[in-house]
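Read the figures in this text as sums done on the coordinates, not as results from a lab. What you see is a predicted model, and the numbers here were worked out from it, not measured in a lab. Cβ coordinates were reconstructed from backbone atoms using ideal geometry, including for glycine residues, and neighbour counts include every protein chain displayed.
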Amino acid sequence: MAASNFKRGILQKPRWSIRENQVTPEAVFNDRRAIIKALGLGAVGASLPGQVQAGLFDLFGESKAQDPFVTKKLDFSKNSRFEVNELLTPENKVISHNNFYEFGTSKTDPLDNAQGFNVNPWQLKIDGLVDKPITLNFDDLTGILPLEERIYRLRCVEAWSMVIPWVGFSLGSLLKLAGVKSSASHIAFETLYDPEQMPGQKSRLMGGGIHYPYVEGLTLAEAMNDLSFLAVGLYGKTLPAQNGAPIRLVVPWKYGFKSIKSIVRIRVLDKQPPTSWNQLAPQEYGFYANVNPEVDHPRWSQASERRIGEGGLFSAKRIATLPFNGYQEEVASLYSGLDLHRNY
Amino acid sequence: MLRLSSKQILLMKTVFHLLAILPIVYLTLLVLADKAGGDPAQYIIHYTGMGALNSLVAVMLVSPLAKALRFSALMQTRRLLGLYVFFYACLHVMSFFAFDLLFAWDLLIQEVIKRPYILLGAVCFLLLALLAITSFAKVRRKMGRRWQQLHNSIYFLALAVPVHFYWSVKSEIIEPIVYILILAGLLIWRWLKSPKRQRKSAHFSGRAATKKIGA
């Protein structure tokens, strides 16, 4: 399919164009960030020492004195087949704007509340209709398969989007290790259920009314598609707690809520499993949840999205949302004959 | 009854002004220090919306409190607080238009028409603008009786604004429900205590009481 099919509100470049020169190196970015921060505070006359500033925000309960969640550098190769010729969303935004209701419903709650999340030990079970059930322990998650980096667009159902460099392996390669039986048709995923660690599971007020544990699902064909990815890291390091450590799904042609976080179980089934948002509001969130600019959410438009990029308030761009989030070439054939207006 | 000198009233108003403005100073600091989350746009829109809602609760509390505490001077802060509802609503609408829609007029029009919760928000905003414009003493005198009729729309706003909040959230409905209950409770309290109703229940003879709408 030609590049011209990928019309966007921003610069159009061929799909294969190199992105390296467009991306600000993280170190440079962090330096710049520090300067902007310093200037910002200087401008309001708060040229106070760091600790005093921190104290000011503590006063309002914004930041908590807690050891931050530890991430480690990963060894991986870059998979050039999965690149996006768009600017990456800076790391500090990727890790501070999260929907992870297990840690609270506001976008900043996961960053604030997930720092003490203990992911080691961890067990991820792959079972159901498989030849050989597998249990992965914490170290296996980054060791069982070679890791690769893929750059994917992430489109939230709330009409904002990011571009994120994930590290992990394809879901299909893991399923092949377990050996999917011929009777299988669907895959079910489940997030950790641990109310002691996840305040949103403990209190309905914090958890937004979802029935925990959070569950998601894919058809087998979707799961075996090349794009379906299990991420164990982003920006070259293991996943931060708020992004779904230690392992999460990434299905870039679907709305973000399909990309379930902190997975403890993958079950291979012969029927469609229930999914959390669909259970909560079936008229608003379907099982498929493919990104589709033509099918609006009942309460807001899905025709465009706000891309969260580098810089301040006015730097965000509103761009046209693409069918299947721009991955129609890879996945549209999965849905031939399916009415996507009804199967939203 | 608690009475205040004009100096004390000025002091009280100053305190109310500070209480209303401080959250904006705090928000500005948060945004400048890059502590308003990874997407400050959504943060600001929500924060200013909550500012309008909280100011609305404050306005609705003024006259019940003034009556309960026999503290009539409190009534003098009502206009000030009402204007802050409008002030926060302006910031809310402007930040939605500027930071979320990025000044796309066509999107604004589409969103208002197509999204019932935004349409309700827009109706509330226009009403608040009308109330703010007509809040000057001169206009009030000129409008006579119609002023009170217009300003009674605050009772509609007291329900419509939290419903707009309820309607906008994905699933975290407890907080908006608490606001709806608080504001509905205040409305019911007012209705029970309204002079018209009290006169009616005082002598239940069915004679029409002289029409006078309680402030």
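With only Cα atoms counted, region A:117-200 has Rg and Dmax values of 15.5, 40 Å. Over region B:6-193, Cα pairs under 8 Å with separation of 6+ residues give a relative contact order of 19 percent.
Helix B:105-114 and the longest principal axis of the Cα set of chain B meet at an angle near 50°. Relative to the longest principal axis of the Cα atoms of chain B, the long axis of helix B:174-193 lies at roughly 20 degrees.
Restrict the search to region A:137-232; then list the GluC sites (Glu not before Pro) that DSSP places in a loop and that have at most 13 other Cβ atoms within 10 Å of their Cβ.
A:Glu196
For the cross-link pairs A:Lys258/A:Lys317; A:Lys271/B:Lys114; A:Lys73/A:Lys181; A:Lys72/A:Lys258; B:Lys7/B:Lys138, the ones whose C-alpha atoms lie over 29 Å apart are A:Lys271/B:Lys114; A:Lys73/A:Lys181. Neighbour counting of Cβ atoms within 10 Å sorts the residues B:Cys90, B:Cys124, A:Cys156, fewest neighbours leading, into B:Cys90, A:Cys156, B:Cys124. Find the centroid of the Cα atoms in region A:202-248 and in region A:127-150, then give the distance between the two in whole Å. With region A:202-248 and region A:127-150 each reduced to a Cα centre, they are spaced 15 Å. When A:Lys258, B:Lys35, A:Lys132, A:Lys176 are sorted by how many other C-beta atoms sit within 10 angstrom of their C-beta, beginning with the fewest, the order is A:Lys132, A:Lys176, B:Lys35, A:Lys258.
Charges were assigned to the Cβ only: +1 to each Lys and Arg, -1 to each Asp and Glu. The resulting dipole of region A:120-164 about its Cα centre is roughly 200 debye. Going by neighbour counts of Cβ atoms within 10 Å, the residues A:Val251, B:Val178 line up, fewest first, as B:Val178, A:Val251. The C-alpha atoms of chain B define a longest principal axis, and helix B:40-68 lies at about 10 degrees to it.
Tally Lys and Arg at +1 and Asp and Glu at -1 over the other residues with C-beta under 11 Å from the C-beta of A:Ser183: what net charge comes out?
+1
Taking the Cβ of A:Val264 as the center, what net charge do the other residues with Cβ under 13 Å away carry, scoring Lys and Arg +1 and Asp and Glu -1? Neighbourhood net charge equals 0. Each Lys or Arg adds one and each Asp or Glu subtracts one; over the other residues with Cβ under 9 Å from the Cβ of A:Asp127, this totals +3.
In terms of its Cα atoms, region B:6-193 spans 47, 36, 35 Å along the principal axes, sorted from long to short. For region A:69-335, the extents of the C-alpha atoms along the principal axes are 51, 43, 39 Å, listed from largest to smallest. Working note: 222 nm ellipticity from helices only, DSSP H runs with n ≥ 4, each -39,500 (n - 2.57), summed and divided by the residues of chain B, gives -24500 deg cm²/dmol to the nearest 500. Taking all Cα-Cα distances within region A:241-344, those exceeding 20 Å account for 50%. Beta bridges assigned by DSSP with both partners in region A:69-335 are antiparallel in approximately 85 percent of cases.
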